[in-house]
1. With label points built 7 Å along Cα→Cβ from the Cα atoms of Ala9 and Gln131, find their separation and express it in nm.
2. Given a Förster distance of 35 Å, report the FRET efficiency between Ala45 and Ala98 from their Cβ-Cβ distance, rounded to the nearest 0.05.
3. Considering Cα pairs under 8 angstrom that are at least six residues apart, work out the relative contact order of the chain and quote it in whole percent.
4. Highest mean first, what order results for 75-86, 153-164 on Cβ atoms within 10 Å?
5. In degrees from 0 to 90, rounded to the nearest 10, what is the angle of the helix 167-177 Cα long axis to the longest principal axis of the chain?
6. If the chain between His20 and Met86 were fully stretched, how many nm would it gain, using 0.36 nm times the residue separation less the Cα-Cα distance?
7. Which whole-Hz couplings ³J(HN,Hα) result when phi for each residue of the stretch 30-36 is put into the Karplus expression 6.51 cos²θ - 1.76 cosθ + 1.60, θ = phi - 60°, listed in order with x for Gly and Pro?
8. Once you place label points 7 Å from the Cα toward the Cβ at Asn72 and Arg142, how far apart are they in nm?
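None of the figures in this text is laboratory data; all of them are computed from the coordinates on show. These numbers were taken from a predicted model, which means no experiment stands behind them. Because the Cβ atoms are built from the backbone with ideal geometry, glycine has one as well, and the counts that use them run over all protein chains shown.
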Amino acid sequence: MQDEEEAPAGPSKSHFKREHQALQALAERLTAMPRVELERLRLSAVTWAAIEETARIKDIRARGRHYKRIANLLEREDMHAVHALMDQAQERERADAARHHRLERWRERLIGEGDAALSEFLDEYPDADRQQLRTLVRAAKRDTERGRLEAPRKLFRFLRGVVEAQPDRDDETEDENE
């Protein structure tokens with residue numbers, strides 16, 4: 001019976017501390033986001049001023065204190081909208097990373113497998129310039145053997161341009177591969 005009386009009535013001090021640290025991390029991520037995205041949040045004028053002030057603060061310790069200040073201000077804001085915005089940004093980041101990895105796999109396959117991978121790529125992206133792609137693949141093979149990075153980077157940029165020119169096909173094939 002004595003144990004029941006000594007049990008804490010609500011969340012622990014550690015719980016509150018973890019929540020506030022999460023808010024500080026959120027504040028740091030928010031200050032790194034483009035203003036256009038943040039404007040959808042309809043933040044208070046005080047919070048906006050604090051976010052805009054972040055760019056002026058150069059000292060790392062002062063920045064840490066500033067993030068704590070923004071976290072305190074965020075506690076008074078509509079956190080549902082903030083979390084929704086952060087979820088959207090995180091989903092975009094995941095999609096960008098997946099697209100980047102997919103392009104890297106194509107580049108590695110084109111360099112390693114040669115004509116078989118080239119045919120597959122051209123089947124998937126028929127609008128790609130076949131001759132330019134062949135030339136870039138040959139140069140990338142040569143540079144890879146020599147330990148140079150210039151031609152593989154050019155090949156990657158070319159592949160990115162082809163894939164971005166046909167975003168609908170990219171989305172369809174990513175769904176098929178997963």
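1. With each label placed 7 Å out from Cα toward Cβ, I get 8.2 nm.
2. Numbers: r = 38 Å, r/R0 = 1.09.
That pair, Ala45 with Ala98, gives E of 0.35.
3. Working: 90 pairs, mean separation 27.1, N = 178.
After rounding, I find 15 percent.
4. Details: 75-86: 13.1, 153-164: 17.0.
Averaged packing, sorted descending, gives the order 153-164, 75-86.
5. Helix 167-177 sits at roughly 80 degrees to that axis.
6. On the way: separation 66, 0.36 × 66 = 23.76 nm, distance 1.68 nm.
Additional length available on full extension: 22.1 nm.
7. 4, 5, 8, 7, x, 4, 4
8. My value for the distance between the label points is 6.4 nm.
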